[in-house]
Amino acid sequence: MNNLLHRLPFKKSDLWIALGFLVCYFAIFDSKLDLGGDNAGYYILGQSIHSGQGYTDIHLPGAPSASHFPPGYPVLLAVFMTVSDSFDFLKWMNGLLFLGALFMLQRLFQRMTQNHILSWVVLGLTLLNAHLLRSSTILMSEIPFLFFSVATLSCLVKWRSSEKPFWQSPWFWAMLVLSSMSYHIRTAGLALIAGIGLYLLFEKKWSAAVSYGLGFIVLALPWFLRGKALGGNPYLEQLIQVNPYRPEEGILSLGGWVDRIKTNGWRYLSQEIPNGLFPKLDVVYSQEEPTGFFLYGSLFVALIIYGSFKMPKLRMMWAGYLTASAAIFLLWPEVWFGVRFMQPLIPFLLLSAAVGAMEALKWAQIRLNGPKWIASPYVLAGMALIQLSAVSTLRATSQDPVGSQYMNYFNLGRYVSNNLPSDAIIATYKPAMFYLYAQRPCVRFPSLEDNAAFIERLKEQGVTHVVVDQLGYSAIGRYVVPAIQKYPERFPLVLQLPNPDTYLLELR
């Protein structure tokens, strides 16, 4: 048996990683459609590519060219759809990408820490991180980005270890291609590109840095030019708005940029960093920052910074990636909050925090002349109990049924699919998600507070029906309900579902 294992293209340790992953994944797997909305958009784009309709928003009237999401993840979904387009199968593909990232992370952690036990402890904390586990069961881009970004960094390490000139190393060119794929999966992947560029400059690899930069520009140029031809990059346009969900508030001023950086910095410190590293430290964004979370965040940031300086190997690679990522997070619109944006960094944040904690424990052990076990990595393994508590909560959530407000929303979609003509156009808050059930073109409500202008815009879009849901989004009460109340004769009732009341209205 040992001889057979030696011949296989993986290590014995990979079997333990795979076993741990499968136990966790089966425990928390959620077959329900994620209610965030974006996963429906990714699925539809994958369908569009797979069916030969190109990169188009087939759920919108006229199926216009898509430009909101970068094409990397939809292309990946389209490849998976050649086997099956079922949600469960595609979710499992995301899970296997997470498993692949864990394989590579174990090797990177070992190299960065030069400590076998500590690398395994941090890998365990990463596997048990409820945010990463949750993302591995939904059709979103965080886990695919994690996989390709870790693959990129692994190629960078392979190239630096080979000591070959960059032009002779296949690892360098693989790094360039994989990092470009990461960028085409998530626009925020610019942080990875910038981080690698900073690392090459720190290491005084001038020719490699210039070649890498030029190579990335060449690979990114087609997507950039396509976006420009379609009217510009929507992400960049939304970035400079005060609130992308309320465009009437205008463009950000200089003082607004300063306020945004301060607001984002405080939120990451007091909410997203504590909750991201240890999901048991739960936050509710509609409420004030939980008592003491600022202290948790300050401690974690201190350990991360200290651990980054004390990282035995590849500290400059990590420092470049962290610095570029922090800059993007601080400039991001405040309304784009949540841990999902920092998820690809969580494994490395856990690693640097663990290294910082180990160095602090070593200092305390020497200073206090305490027993050696104080500075053992096994001490940090106790943190897995905190992670397990959040995983247990995630397991319970995965078994919960869909809320009645969403069941009504989906049932309205099924009614539309069975009863409305194929040329009907539906206005709703979540057009991509509603399309999955209605199979009719959908549009999002215009953000217009003027009731007459709101109705006129719907008519310009060719809208024939309107959905008034109870999903809890303020846009319904801000834009939709006032127009219906002012002009009730324009919106005769087609169908009402109770508990909670959800309406399908015709637009006349």
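In table form, for the structure just shown:
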| read-out | value |
| --- | --- |
| So Gly255, is it part of a helix (DSSP H, G or I) and buried (at least 17 other Cβ atoms within 10 Å of the Cβ) | no |
| Residue in the range 415-425 that is of a type in the set (Phe, Trp, Tyr), buried (at least 17 other Cβ atoms within 10 Å of the Cβ) and assigned by TED's automatic domain parsing to the domain that holds Ile455 present | no |
| Verdict on Met140 being within 27 Å of Asp38 (Cβ to Cβ), among the aliphatic types (A, V, I, L, M), modelled with pLDDT under 95 and in the same structural domain as Tyr378 (by TED's automatic domain parsing) | yes |
| Candidate set from the range 186-239 (those that are among the polar types (S, T, N, Q) and part of a helix (DSSP H, G or I)); member that is modelled with the lowest pLDDT | Gln238 |
| The lone exception for Ser389 - which of (1) farther than 26 Å from Ser136 by Cα; (2) among the polar types (S, T, N, Q); (3) within 27 Å of the chain's Cα centre (by Cα) it fails | (1) |
| Residues within the range 472-494 that are outside any helix (DSSP H, G or I) and touching a helix residue (DSSP H, G or I) at 6+ places or on another chain (Cβ under 6 Å), tallied | 1 |
| Condition broken by Leu448, with the remaining ones in (1) over 24 Å from Lys32 (Cβ atoms); (2) in contact with a helix residue (DSSP H, G or I) (Cβ under 7 Å, 6 or more places away or on another chain); (3) assigned to a helix (DSSP H, G or I); (4) not basic (Lys, Arg) satisfied | (3) |
| Every pair of residues 6+ apart whose Cβ atoms lie under 7 Å, when the first sits in the range 149-164 and is farther than 12 Å from Leu192 by Cα and part of a helix (DSSP H, G or I) while the second is polar (S, T, N, Q) and modelled with pLDDT of 85 or more | Trp159/Ser169; Ser162/Ser169 |
| Count - residues of the range 347-388 that are closer than 30 Å to Asp38 by Cβ and modelled with pLDDT under 95 | 3 |
| Pairs, first under 20 Å from Tyr503 (Cβ atoms) in the range 427-455, second of a type in the set (A, V, I, L, M) and surrounded by fewer than 17 Cβ atoms within 10 Å (Cβ to Cβ), C-beta under 9 Å, six or more apart | Tyr429/Ala475; Lys430/Leu35; Met433/Leu35; Pro441/Ala63; Arg444/Ala475; Phe445/Ala475; Pro446/Ala453 |
| Residue match in the range 20-29 (condition: crowded, with 19+ Cβ neighbours inside 10 Å and either β-branched (Val, Ile, Thr) or assigned by TED's automatic domain parsing to the domain that holds Gly413 (or both)) | yes |
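The values are calculated or read from the model by the stated rules, or taken from the named source; none is laboratory data. Everything quoted here is computed from the prediction, not taken from an experiment. We place every Cβ from the backbone using ideal geometry, glycine too, and count neighbours over all the protein chains shown.
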